[in-house]
Amino acid sequence: MERLQKIIANSGFCSRRKAEELIQKGLVTVNGKTITDLGTKASLGDAITVNGKTIKQEIKEYILLYKPRGIITSTTDEKGRKTVTDLIETENRLYPVGRLDYDTSGLLILTNDGELTNKLIHPKNEIQKQYIVKIDEAVNPKLIKKMLTGVISENEKLKADRVKIKKLDKKNNKTIIEIVIHEGKYHQVKRMFEAIGYQVASLKREKLAFLDLTGLKSGEYRHLTLKEVKKLYSLTK
């Protein structure tokens, strides 16, 4: 159940404010009954008309995709490269929540729920994202710890919530590192490692909040459950 003015706005008929005006003028009906109360709620199966025109309710869809490397996080690409929406079969127009770089793999949410999208990407909600970083060098653990207090990149301070070396192979010059951030600034993880003198060889997002890639292979996806969607909303302010 959602407020009537929100349903009308989500359908693309008009803005929420305009929808409220139409409701107050008695120009909106639900299942044949004229509605003037702005607190009225409706559900997906209800027949809603606005000024005599039936509106089509948008069905919300929430998808968790295991994005492969070499895929654009966008709905279209002017160079004709494959995008994340090309991997998903749906009748809805979905949009990625945030972005993963072309050469970055891992967990990505796509949805047509603009409200949830805005909540998940807004810095104030501090939604944590966990990455696995591979570096073709034996990393100095003391330098890694600098990320917890903050490093400077392009006159901007970047911090990690947590950082841990998972594997340090000095013989073969390989390091695997787990890092958790919540800010989501442009190329943040790569820039943080560059700031301490290392180039990221590969990057994978393994978790977003409580969600992970369990059961999925690269390029596969699944729909979020209602319980998961509600839990994501509960994490935001």
Computed for region 42-90: size of charge dipole around the Cα centre, +1 on C-beta of each Lys and Arg, -1 on C-beta of each Asp and Glu, debye to nearest 20, value 200 debye
Report the charge-dipole magnitude of region 153-237 in Debye, nearest 20, computed about the Cα centre from +1 at each Lys and Arg Cβ and -1 at each Asp and Glu Cβ.
-> 260 debye
Calc'd 3J(HN,Hα), region 55-64, phi into Karplus 6.51 cos²θ - 1.76 cosθ + 1.60 (θ = phi - 60°), Hz, glycine/Pro = x, comes to 9, 9, 6, 7, 7, 6, 9, 9, 10, 9
Work through the residues other than LEU107 whose Cβ is under 9 Å from its Cβ and net out their charges, Lys, Arg +1 and Asp, Glu -1.
-> +3
Pick out which of ILE23, ILE152, ILE177 has the largest mean-square fluctuation in a Gaussian network model of the chain, springs linking Cα atoms closer than 10 Å.
-> ILE23
³J(HN,Hα) across region 154-170 via Karplus (A = 6.51, B = -1.76, C = 1.60, θ = phi - 60°), whole Hz, x for Gly/Pro?
-> 6, 6, 10, 8, 10, 10, 9, 6, 8, 8, 8, 7, 8, 8, 10, 10, 5
Work from the charge dipole of the chain (Cβ charges, +1 for Lys and Arg, -1 for Asp and Glu, about the Cα centre) and give the residue of ALA19, LEU232, GLY39 farthest towards its positive end.
-> LEU232
Provide the solvent-accessible area of LYS167, counting protein heavy atoms only and rolling a 1.4 Å probe, rounded to the nearest 10 Å².
-> 110 Å²
Determine, from the Cβ-Cβ distance of ASN173 and ARG69 and an R0 of 22 Å, the FRET efficiency 1/(1 + (r/R0)^6), rounded to the nearest 0.05.
-> 0.50
Which whole-number percentage describes the relative contact order of the chain, with Cα contacts under 8 Å and a sequence gap of 6 or more?
-> 19 percent
GNM on the chain, C-alpha springs below 10 Å: top fluctuator among GLU126, GLU58, GLU206?
-> GLU58
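Greater than 28 Å separation of Cα atoms is the criterion. Which listed pairs, LYS56/LYS207; LYS185/LYS207; LYS124/LYS146, meet it?
Details: LYS56/LYS207 35 Å; LYS185/LYS207 17 Å; LYS124/LYS146 23 Å.
With Cα atoms farther than 28 Å apart: LYS56/LYS207.
Where does each of LYS119, LYS207 land when they are ordered by accessible area, with a 1.4 Å probe and the largest first? Display every interim value, and only then the final one.
Values: LYS119 45, LYS207 70 Å².
Sorted descending by solvent-accessible area, the residues read LYS207, LYS119.
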Per the helix-only calculation at 222 nm, which mean residue ellipticity applies to the chain, given -39500 (n - 2.57) for every DSSP H run of n ≥ 4 and division by its residues, nearest 500 deg cm²/dmol?
-> -6000 deg cm²/dmol
Hey, if we sort THR83, THR54 by accessible area with the 1.4 Å probe, largest down, what's the order?
-> THR54, THR83
State in Å² the accessible area per residue of the chain; use a 1.4 Å probe, count heavy atoms of protein chains only, and round to the nearest integer.
-> 57 Å²
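For region 146-237, which chymotrypsin sites (Phe, Trp or Tyr not before Pro) are in a loop by DSSP, counting at most 15 other Cβ atoms within 10 Å? Could you put the intermediate results ahead of the total?
Details: sites: TYR186, PHE193, TYR198, PHE210, TYR221, TYR233; in loops: TYR186, TYR198, PHE210.
When the chymotrypsin sites (Phe, Trp or Tyr not before Pro) of region 146-237 are filtered for loop state and at most 15 Cβ neighbours within 10 Å, TYR186, PHE210 remain.
Starting from the Cα-Cα distance between ILE152 and LYS60, subtract it from 0.36 nm times their residue separation and give me the gain in nm to one decimal. Walk me through the numbers on the way to the answer.
Numbers: separation 92, 0.36 × 92 = 33.12 nm, distance 3.98 nm.
Extra length from ILE152 to LYS60 when fully extended: 29.1 nm.
What do you get for chymotrypsin sites (Phe, Trp or Tyr not before Pro) in region 44-144 restricted to DSSP loop and a cutoff of at most 16 other Cβ within 10 Å of the site's Cβ? Before the final figure, lay out each step's value.
Working: sites: TYR62, TYR66, TYR102, TYR131; in loops: TYR102.
Loop-located and lightly packed - TYR102.
Using r as the Cβ-Cβ distance of HIS182 and ARG17, and R0 as 41 Å, what FRET efficiency do you calculate, to the nearest 0.05?
Details: r = 32 Å, r/R0 = 0.79.
Calculated transfer efficiency: 0.80.
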Which value, in Å² and to the nearest 10, is the accessible area of MET1 when all protein chains are kept and the probe is 1.4 Å?
-> 150 Å²
Note, region 187-197: 3J(HN,Hα) by Karplus (6.51, -1.76, 1.60, θ = phi - 60°), whole Hz, Gly/Pro = x, goes 6, 4, 5, 4, 5, 5, 6, 4, 5, 9, x
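Could you grab the Rg to Rh ratio for the chain? Cα atoms only, Kirkwood for Rh. Don't skip to the answer; put the middle values down first.
On the way: Rg = 22.1 Å, Rh = 20.3 Å.
Ratio of gyration radius to Kirkwood radius: 1.09.
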For region 88-237, with all protein chains present and a 1.4 Å probe, just round the carbon and sulfur fraction of the accessible area to a whole percent.
-> 48 percent
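The values are calculated or read from the model by the stated rules, or taken from the named source; none is laboratory data. Just so we're clear, the structure is a prediction, and the values are computed from it rather than from any experiment. In this analysis, Cβ positions are derived from the backbone assuming ideal geometry, glycine residues included, and neighbour counts consider all displayed protein chains. When the accessible area is computed, the model is the full protein with side chains, heavy atoms only, and any ligands, DNA or RNA have been set aside. Shrake-Rupley method; radii C 1.70, N 1.55, O 1.52, S 1.80 Å.
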